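Asks: I am attaching a structure below and will ask some questions about it afterwards.
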Amino acid sequence: MQIQSMLALLLGLSILDSCVITCGGADGAPSWHPHHHRAHEVKLDEGSSNDASWATCSKCTTCNPTVPVIVPTPTSPILAQVPNAPAIPDVEPKNECAECGGCNVRLRRLSERVPFEDNDAKVFLGASGAAVLLADTAKGEEVVLKMWCGIQGEYHQSNGQKDPIPPTCKDQDYTDMEKCPDQHYGLGPCNFRLLASLDQLYRDANLTAVIPRSWTGPVIGTHPGPLPGSTNAKSDGVRISTMAQYFTLAKGVSVESVRGLATQKHKALAQSIKPLQVQQAAMADLLFSESDRHGQNVMIDEDGNINLIDNEGAFGPTNSMFLPGGQKFEVYRIGYGAVCCGNTGKCPGQPQTRPAAENMFDYRCFVKDYKMGN
């Protein structure tokens, strides 16, 4: 009953926040919208007459961040505080620069592998089709950016992605959240409204210890370049001005990339996993009905701290590796072939001989008497 009451309260807050964000003022206009300029635009840093800048160069191979990233204060309405991305100025096409200033971030691609403990681990680049990038800010901070659309220069997240990120957003003119479809790929404002509301709910539910802070903001930068081994010259130095979702950096690597987590090799790491964090992760996925919590969306660092990423699957059919009974939990317990044999065409499927390491995160292993609540 306590869980049900809390869930009802949180859902009520979500509805209220969505109304604050999308219903707007007395004139009926939305509080924030790509074409609604109640929110101010970012002031461009054009530099001196002798400086090369994002605003004055037609292309810029390396753009140094000199414009601050604006982080909204945690009050409603969040999106009303968000400045619009500026229009890309028209300049002489031949005015190409090797290095310039005037960006608010320096964009970088994710590395395919990163050091972890005494080895290195694979980095999963994302399967949603969105652009996921690292970015350096003017303050020297490292953040993660996610964009579903609005990138010029034919950006591909991975070699397996057939089509580039759409250069324009299909929902640029959406002013009503109810028009947003369930499938958000290629959409900007629909994703921003959802994630802005979720960020507030995670704070209200005191779950930010396991979920990175997130906010919407403009990106003023240049294309991070083609994929390794690609010869796509269309991306070289291309200027980018679009809206993105910012995230504080979740340290570590995905649980799925730590092979042998349940073996003697990583015994110390497994023993350092924090029970309270597992409880918070399980509660987050239960309260917000997360539908896509698998091992690639759970980060773990070398001290055993965990963070939940890629949370757009909220308010779907609950499916989490932290919660027994769901498809993802069972895949890790008895194997994909046994649970999803319809996809392999080999039913009945053969169970795997032992559970995957992700089953270590069954919340019942981290609470007294294997249960939470009454």
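The values are calculated or read from the model by the stated rules, or taken from the named source; none is laboratory data. Note that this is a predicted model, so its numbers are computed, not measured. Every residue, glycine as well, gets a Cβ built from its backbone with ideal geometry; the counts of neighbours run over all protein chains shown. Calculation scope for accessible area: heavy atoms of the full protein, side chains included, ligands and nucleic acids excluded. Shrake-Rupley method; radii C 1.70, N 1.55, O 1.52, S 1.80 Å.
Asks: In a shell of Cβ-Cβ distance under 10 Å around residue 122, excluding residue 122 itself, what net charge do Lys and Arg (+1) and Asp and Glu (-1) give?
Replies: Numbers: positive: 113, 259; negative: 112, 120, 256.
So the surrounding residues net to -1.
Asks: Something else now. For a 21 Å ceiling on Cα separation, which of these pairs sit above it: 274/371; 274/368; 94/139; 251/274?
Replies: 94/139
Asks: Sticking with this structure for a sec: Residue by residue through the stretch 112-125, what is 3J(HN,Hα) from phi via Karplus (6.51 cos²θ - 1.76 cosθ + 1.60, θ = phi - 60°)? Round to whole Hz and write x for glycine and proline.
Replies: 6, 9, 9, x, 8, 6, 9, 9, 10, 10, 6, 9, 7, 7
Asks: Let me ask something additional. Identify the trypsin sites (Lys or Arg not before Pro) of the stretch 287-374 meeting these criteria: DSSP loop state and at most 16 other C-beta atoms within 10 Å of the C-beta.
Replies: 346, 371
Asks: Something else now. On a full-extension model of 0.36 nm per residue, what is the gain between residue 163 and residue 141, subtracting their alpha-carbon distance, rounded to one decimal in nm?
Replies: Working: separation 22, 0.36 × 22 = 7.92 nm, distance 3.11 nm.
Stretched fully, the residue 163-residue 141 segment lengthens by 4.8 nm.
Asks: Please turn the phi angles of the stretch 193-199 into ³J(HN,Hα) values with the Karplus equation 6.51 cos²θ - 1.76 cosθ + 1.60 (θ = phi - 60°), one per residue in order, whole Hz, x for glycine and proline.
Replies: Karplus-based 3J(HN,Hα) across the stretch 193-199 equals 5, 4, 6, 5, 5, 4, 4 Hz.
Asks: Continuing with this model, one more query. When you count, for each residue, the other Cβ atoms within 10 Å and take the mean per peptide, how do 136-143, 237-244 rank with the highest first?
Replies: Ranked by mean Cβ neighbours within 10 Å, highest first: 237-244, 136-143.
Asks: Going by a ≥ b ≥ c, the root eigenvalues of the Cα gyration tensor, does the stretch 86-166 fall in the rounded group (a/c under 1.5), the prolate group (a/b larger than b/c) or the oblate group?
Replies: Oblate, because a/c is 1.5 or more while a/b does not exceed b/c.
Asks: While we're looking at this one, here's another question. Skipping prolines and chain starts, which residues have an amide H placed within reach, meaning under 5 Å, of the one on residue 216, given they are 5 or more residues away or on another chain?
Replies: Residues meeting the amide H criterion: 246.
Asks: Show me, for the stretch 90-102, the HN-Hα J-couplings you get by feeding each phi into the Karplus relation (A = 6.51, B = -1.76, C = 1.60, θ = phi - 60°), rounded to Hz, glycine and proline as x.
Replies: In residue order, the calculated couplings are 7, 9, 4, x, 7, 7, 8, 10, 6, 9, 8, x, x Hz.
Asks: If I model a spin label as a point 7 Å beyond the Cα along the Cα-Cβ vector, how far apart are those points for residue 61 and residue 336 in nm?
Replies: Reported label-point gap for residue 61 and residue 336 is 4.1 nm.
Asks: Counting only protein heavy atoms and using a 1.4 Å probe, what share of the accessible area of the stretch 203-351 belongs to carbon plus sulfur, as a whole percent? Provide the component values of the computation, followed by the final result.
Replies: Working: 3190 of 6150 Å².
Ligands and nucleic acids excluded, carbon and sulfur give 52 percent.
Asks: Taking H as built 1.01 Å from N, whose amide H comes closer than 5 Å to the amide H of residue 326, not counting residues under 5 places away?
Replies: So residue 326 has HN proximity to 320.
Asks: Measuring from a point 7 Å past the Cα of residue 96 along Cα-to-C-beta, which residues in the stretch 193-233 have an amide N at less than 11 Å?
Replies: Flagged as within label range: 233.
Asks: Another question, if that's okay. For the stretch 288-367 and the stretch 197-263, compute the distance between their C-alpha centroids and round to whole Å.
Replies: What the calculation gives is 22 Å, centre to centre.
Asks: Here's a follow-up. What is the stretch 140-295 by shape, rounded, prolate or oblate, if you read a ≥ b ≥ c off the alpha carbon gyration tensor as root eigenvalues and call it rounded for a/c under 1.5, prolate for a/b larger than b/c, and oblate otherwise?
Replies: oblate
Asks: To continue, here is another question. Could you grab the relative contact order for the stretch 235-349? Cα pairs under 8 Å, six or more apart, rounded to a whole percent.
Replies: About 22 percent, as a whole number.
Asks: Under 14 Å from a label point 7 Å along Cα→Cβ of residue 372: give me every residue in the stretch 190-218 with its amide N that close.
Replies: Residues 202, 205-211 qualify, since their backbone N sits under 14 Å from the label point.
Asks: Near the amide H of residue 316, under 5 Å away, which other amide H atoms are found, from residues 5 or more places off or on another chain, if H is placed in the peptide plane?
Replies: Sorted by chain and number, the residues that satisfy this are 291.
Asks: Kindly report the accessible area of the stretch 176-286 per residue (heavy atoms of protein chains, probe 1.4 Å, no ligands, DNA or RNA), in Å².
Replies: With the other protein chains kept in place, the stretch 176-286 gives 40 Å² per residue.
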